[in-house]
Amino acid sequence: MLAAPVAALSLTLTLAACGGATAPSTEPAAPASGGGSSEWTPVTIEHALGTTTIETQPERVATVDFANQEVPLALGIVPVGMSKMTWGDDDGDGVQPWTEDKLTELGAETPVLFDETDGYDFEAVAGTEPDVILAGYSGMTAEDYATLSEIAPVVAYPETPWATAWRDTITINSAALGMAEEGEQLVADVEQSIATAVGKHPELEGANGMFMTHVDPTDLSEINFYTAADTRSQFFDDLGMQTAPSVVEASGDSGSYSGSLSTERADELSDVDVIVTYGGDELIDALKGDPVLSQLPAVANDAIVNLDGSQPIGTAANPTVLSTPYLIEDYTALLADAVAGNEAG
């Protein structure tokens with residue numbers, strides 16, 4: 001079961017002063033950087049931090065934060081700079097394998113990598129001399145946005161930090177490049193890869209999932225989780241599953257991507273069929289050893305999917321345009337095994 005069509009973004013395509021109300025040019029940009037079309041219709045995008053207008057066709061595209069670089073790459077545009085990936089990078093070079101594959105396909109060298117360990121490297125971003133900075137999926141502050149905007153027009157997240165749905169990430173970043181129609185096709189292609197993988201695991205249909213994260217194995221007084229607003233939880237819907245009703249209720253209506261629940265209320269999570277986590281074996285052992293949490297059906301039945309963040313599979317729960325086709329078969333297989341464990345229990 002695929003999720004509903006792309007959520008409506010606060011996004012308007014504005015024409016140049018002359019001419020009528022036609023859509024922006026969708027001619028492919030040159031693979032080496034980002035320009036190529038002789039015609040360009042200015043694009044105006046409203047997002048959570050303001051309104052950004054790209055007056056001229058971007059020739060030099062920079063991206064910050066997780067996975068935004070994948071959209072221009074999927075469109076055949078090589079960024080001049082992008083975030084160094086420390087998550088899902090199996091060889092320590094700062095570039096995830098699906099990105100490496102795409103760069104090879106395009107015959108391109110690795111772009112400048114921005115080290116964002118301690119926040120944005122504004123100097124490095126400025127050094128790439130970008131015409132636009134893509135950050136449709138991000139968590140930047142208003143101050144960050146203002147500083148980056150002094151370098152180039154910035155496309156920030158549409159509503160909530162770190163909660164841009166994968167379809168909307170593709171849509172808003174593609175629109176900023178004047179390639180909205182191509183972006184729609186990218187969404188359709190990813191949806192097809194998901195449908196193919198999910199079709200092999202009908203047991204996923206209707207299973208209740210929870211993404212448990214940032215839990216201290218030495219202090220299990222709080223259960224931390226990604227809320228129903230987070231992309232990882234939303235991805236359950238694409239897979240035929242759903243975020244457990246108890247997690248939806250505990251998420252509240254703040255729109256925040258993370259939440260917590262006192263372990264004293266753990267019995268409320270009895271409807272969780274599968275737990276997904278980055279916690280590793282230490283966390284799983286701690287859950288099994290806890291007198292309260294060990295009674296949760298998902299824990300008691302070993303229905304836990306442990307994603308290793310040092311390996312590519314660590315990113316599987318956070319869907320993106322290039323990583324999802326690369327990882328979806330493995331991720332759905334892990335989820336199906338967990339569902340089977342829960343049903344056996």
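A few remarks follow.
- Segment 300-345: proportion of alpha-carbon pairs further apart than 13 angstrom, %: 55
- Ordering of 189-197, 216-224 by packing [mean C-beta count within 10 Å, highest first]: 189-197, 216-224
- Taking the square roots of 5 times each eigenvalue of the Cα gyration tensor of the chain, largest first, gives ellipsoid semi-axes of 37, 20, 19 Å.
- Per-residue ellipticity at 222 nm from helix content only, as computed over the chain with -39500 (n - 2.57) for each DSSP H run of at least four residues, stands at -9000 deg cm²/dmol.
- Spin-label pair residue 126/residue 290, simplified geometry with 7 Å Cα→Cβ offset, distance in nm: 4.6
- Residue separation of residue 216 and residue 93 scaled by 0.36 nm, minus their Cα-Cα distance, works out to 41.4 nm of gained length.
- Looking at segment 199-344 alone, DSSP beta bridges between its own residues are antiparallel in about 45 percent of cases.
- One Cα centroid belongs to segment 61-109, the other to segment 152-197; the line between them spans 16 Å.
- Highest average packing first - 252-265, 326-339, 230-243, 138-151, Cβ atoms within 10 Å: 230-243, 326-339, 138-151, 252-265
- Lysines with Cα under 30 Å of residue 84, excluding same-chain neighbours fewer than 8 positions away: 102
- Computed extension length for residue 256-residue 146: 37.4 nm, one decimal, from 0.36 nm per residue of separation with the Cα-Cα distance subtracted.
- Share of alpha-carbon pairs per 10 Å distance bin for segment 203-302, given as whole %: 17, 53, 28, 2
- For residue 195 and residue 108, the FRET efficiency from 1/(1 + (r/R0)^6), where r spans their Cβ atoms and R0 equals 30 Å, is about 0.50.
- Look at 275, 304 and count the other Cβ atoms within 10 Å of each Cβ; fewest to most, that gives 304, 275.
- Distance from segment 213-260 to segment 288-318 (C-alpha centre basis), Å: 13
No value in this document is a laboratory result; all are computed from the given coordinates. As the structure is a computational prediction, the values presented were derived from the model and not from experiment. Methodologically, a virtual Cβ is constructed for each residue, glycine included, from the backbone with ideal geometry; neighbour enumeration extends over all protein chains shown.
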